[in-house]
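The values are calculated or read from the model by the stated rules, or taken from the named source; none is laboratory data. All of these numbers come straight from a predicted model, not from anything done at the bench. Because the Cβ atoms are built from the backbone with ideal geometry, glycine has one as well, and the counts that use them run over all protein chains shown. Protein only, heavy atoms only, side chains kept; ligands, DNA and RNA dropped before computing areas. Shrake-Rupley method; radii C 1.70, N 1.55, O 1.52, S 1.80 Å.
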Amino acid sequence: SLFPRELTETWHLLYDFGHPFPEHFADFLGVTRASSSDALFTWAHRTNALPLITAGQQPVFADTTNTLRALAATGFNPAQVVYLPSPRAGDFQSPSGPNVPAGTPARVLSANWSTHRVECEVDSPAPTLVVIAQTFYHPWRATVNGQPTEILRANHAFQAVPVPAGRSTVRLEYVDRHFQLGVALSTIGLLVCGVLWWRAKPTAELITNH
């Protein structure tokens, strides 16, 4: 299987046995069970796992190395902070960029997951970020209250969407244009082959009869 490079890099935080298990990063991922360190073939129940969609975190800007280090640290608090790529810091400081105060008490009112679609309702007293523990990948498209918006790379390999103050509906849809083009071309190819076969069939029968 092929996976985005950034996602693979975060897996090393979970499966590298040379380092302590990153409890708080596992909380961000919504991990509710982990293999027990005391008993073989036994699962330990984790009670601090967060929902896969959260909101209100303070954005912290860092490069790849420092972000991965922070995700694995014991002081990482995924309910309070979210790490964004350092080049995006300027976007948040510009007048036209997202204005996200620190520590906004936002609430995720509902969340619905289905094939190729994620939808949630969020209520926030100020502009904030909605953070989704789902792999950042370019075919995903987002709208907020029906308006297209950008999906930010969050916590190195996952997603965040800026939302305004008030009640918002956030929708993410997986739209792979290359796959759709491939299906269309394949369908056209099959139709062309079918037409050619149908047109050639009477000629073949005539030759056989003759």
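Here is how the numbers come out for the structure above:
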read-out: Segment 1-151: relative contact order as a whole-number percent, Cα under 8 Å and 6+ apart; value: 21 percent
read-out: Cβ-derived FRET efficiency at R0 45 Å, residue 37 paired with residue 176, nearest 0.05; value: 0.65
read-out: Percent of beta bridges antiparallel (DSSP, segment 9-119, rounded to nearest 5); value: 55 percent
read-out: Residue-averaged [θ]222 nm for the chain, counting only DSSP H segments that reach four residues, each worth -39500 (n - 2.57); value: -9500 deg cm²/dmol
read-out: Of 37, 114, 124, the one that fluctuates the most in a GNM where the chain has Cα springs shorter than 10 Å; value: 37
read-out: Nearest-0.05 FRET efficiency for residue 115 and residue 8, computed from C-beta distance (R0 30 Å); value: 0.80
read-out: Translational diffusion of the chain, µm² s⁻¹ [Kirkwood Rh, Cα pairs; Stokes-Einstein; 10 °C; 1.306 mPa s]; value: 80 µm²/s
read-out: Net charge contributed by nearby residues that have their C-beta within less than 15 Å of residue 25 (K/R +1, D/E -1); value: -3
read-out: For segment 52-96, average projected area of the Cα convex hull in nm²; value: 3.8 nm²
read-out: Rg/Rh ratio calculated on Cα atoms of segment 2-107 (Kirkwood radius); value: 1.02
read-out: Cα point-scatterer Debye curve for segment 61-161, base-10 log of I(q)/I(0) at q = 0.16, 0.23, 0.24 Å⁻¹; value: -0.77, -1.55, -1.62
read-out: Helix 5-15 axis, angle to the chain major axis (alpha carbon atoms, nearest 10°); value: 50 degrees
read-out: Debye, to nearest 20: dipole size of the chain, +1 on Lys, Arg Cβ, -1 on Asp, Glu Cβ; value: 460 debye
read-out: For the chain, built as a Gaussian network whose Cα springs stay under 10 Å, the top-fluctuating residue of 122, 195, 60; value: 195
read-out: Interchain or long-range residues, amide H under 5 Å from residue 82's placed H; value: 58, 60
read-out: Inter-site label distance for residue 147 and residue 92 at 7 Å from Cα along Cβ, in nm; value: 2.0 nm
read-out: Residue 174 accessible area, assembled protein chains, probe 1.4 Å, Å²; value: 70 Å²
